[in-house]
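Below: one structure, written as structure tokens.
The values are calculated or read from the model by the stated rules, or taken from the named source; none is laboratory data. Worth saying up front: this structure is predicted, and the values here are computed from it rather than measured. Cβ atoms come from the backbone with ideal geometry, glycine included; neighbour counts cover every protein chain shown. Heavy atoms of the whole protein, side chains included, go into the accessibility calculation; ligands, DNA and RNA do not. Shrake-Rupley method; radii C 1.70, N 1.55, O 1.52, S 1.80 Å.
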Amino acid sequence: MAFRFSRWLSLHRREYVFYRDVAPLGYVRVPTLFYGDFDAESNRFVLVLEDLGHLRGIPQSVGVDATRARCAMRQLAGLQGRFWEADDPALSACGDFLSTRQRRIMQTVYLLTLPAAFDRFGDLFTDRTRRLALEFGFRIAAHFAALSAGPKTVVHGDFRADNMLFGDGEQDAAALIDWQGCGIGCGMYDVAFFLATSVTSDLRRRIERDALDEYHDIVSGSGVENYTREDCWHSYRQNILGTLMPMVIGCGAMDMSDPQLVGQSRELLSRVLTAIEELDSWEFMPRREPFLAHGWGFATLSRCAYPPYRLALRLGRLRKRR
């Protein structure tokens, strides 16, 4: 299933193209590619990368400190500023961050895993957030379609502490790995996902304004025009809502036999829900699609399919108890 999912989302191709075409440009610290190959027909690939064993990782659930968080943000801002609204062949080969088809896949997977996430971590949801999380499930495709209409740049797609390696010196400040989700999209998704999941909620509150201001200054210094601090903050709050999607999918599909993984997932989901509430990101829930408008059919199908799916799960559990 994981291999099929990687084909659906073009994960292997994306990472190969990034290391082949984008990484050599040097705008962000990544492992050097020594050899790479990708076969489109079989979806198999190989990458031989530089050993960065002298750097160390910091578990996402622990959270990075303020210095490392700002360092990672500067790396990201430098890369995204360089490719801001750029029609660059090196980047276009990666494809869209989430195409229309991929957005619908993610919406479907979210709704399939949402019942399990509710069952496992229901105490983290209030009645209100439970209702809104379900409603968001019917509008995920519309939400990411709205984001794709804004300024576009390179997106890492999984920009979090577990995909970063840190050193002690400035020259080894942060190296970014795992580029399978990269593509062209709204760069602020990376910022939101990082600050919502890879620092503690207390630290996020303290640094997010200054971090966003520094991000804005760096991309503006790269030549980006007509992008105000207010635009940056608005996009950040809007993208915070989207971080609920990977967290629900992860919490609903995880292996519950691993206590450490359960504890880590609980912490990350709690951070995301806290950020959404504190930043009032529910405000950016897309409106229901008008009758027969683009996307109306898929959204309606999702709404109609979810109740019988939820009922089937409950009946299945009742049978197992007998």
Heavy-atom accessible area of Thr274, protein chains in place, probe 1.4 angstrom, given in Å² to nearest 10, is 40
Starting from the Cα-Cα distance between Asp87 and Gln260, subtract it from 0.36 nm times their residue separation and give me the gain in nm to one decimal.
-> 57.9 nm
Per residue, in Å², the accessible surface of the chain once ligands and nucleic acids are set aside, probe 1.4 Å | 47
What nm value, rounded to one decimal, do you get for the distance between Leu301 and Asp39 when each label is placed 7 Å out toward the C-beta?
-> 3.2
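To the nearest 0.05, how large is the calculated FRET efficiency for Leu318 and Ala149 if R₀ is 35 Å and r is the Cβ-Cβ distance?
Working: r = 45 Å, r/R0 = 1.28.
Using R0 = 35 Å, I get an efficiency of 0.20.
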Taking Cα atoms, the helix 244-253 axis meets the longest principal axis of the chain at an angle in degrees (rounded to 10) of 60
Matching label, semi-axes √(5λ) of the Cα gyration tensor in Å computed from the structure shown, candidates (i) 37, 22, 17; (ii) 32, 24, 19; (iii) 31, 22, 22 = (iii)
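At a Förster radius of 45 Å, what calculated FRET efficiency corresponds to the Cβ-Cβ distance of Thr32 and Arg128, to the nearest 0.05? List each step's numbers first, then the result.
Values: r = 49 Å, r/R0 = 1.08.
The computed FRET efficiency comes out at 0.40.
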Checking Pro307, Pro24, Pro246 against a Gaussian network model of the chain (alpha-carbon springs below 10 Å), the top fluctuating residue turns out to be Pro307
For Met254, tell me the accessible area in Å² from a 1.4 Å probe, rounded to the nearest 10.
-> 20
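Tell me the Kirkwood hydrodynamic radius of the range 160-245 in angstroms, computed as one over the mean inverse distance between distinct C-alpha pairs. Write down the numbers at each step before the final one.
Values: mean 1/r = 0.0705 Å⁻¹.
Roughly 14.2 Å, rounded to one decimal.
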Provide the solvent-accessible area of Glu277, counting protein heavy atoms only and rolling a 1.4 Å probe, rounded to the nearest 10 Å².
-> 80
With the dipole of the range 165-297 worked out from charges on the C-beta (+1 for Lys and Arg, -1 for Asp and Glu) around the Cα centre, which of Cys251, Thr228, Gly263 lies farthest toward the positive end?
-> Cys251
Scalar couplings 3J(HN,Hα) for the range 231-242 by Karplus 6.51 cos²θ - 1.76 cosθ + 1.60 (θ = phi - 60°), nearest whole Hz, x for Gly and Pro, are 4, 5, 5, 4, 5, 4, 4, 5, 6, 4, 4, x
Please give the length that would be gained between Asp280 and Ser99 if that part of the chain were fully extended, namely 0.36 nm times their separation in residues minus their C-alpha to C-alpha distance (nm, one decimal).
-> 62.5 nm
For the range 151-158, in order, what is each residue's ³J(HN,Hα) by Karplus, 6.51 cos²θ - 1.76 cosθ + 1.60 with θ = phi - 60°, in whole Hz (x at glycine and Pro)?
-> x, 10, 7, 6, 10, 5, x, 8
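If you roll a 1.4 Å probe over the chain with all protein chains in place, what percent of the accessible area is carbon or sulfur? Mind dumping the intermediate values first?
On the way: 7950 of 15200 Å².
Result for the chain: 52 percent of the exposed heavy-atom area is carbon or sulfur.
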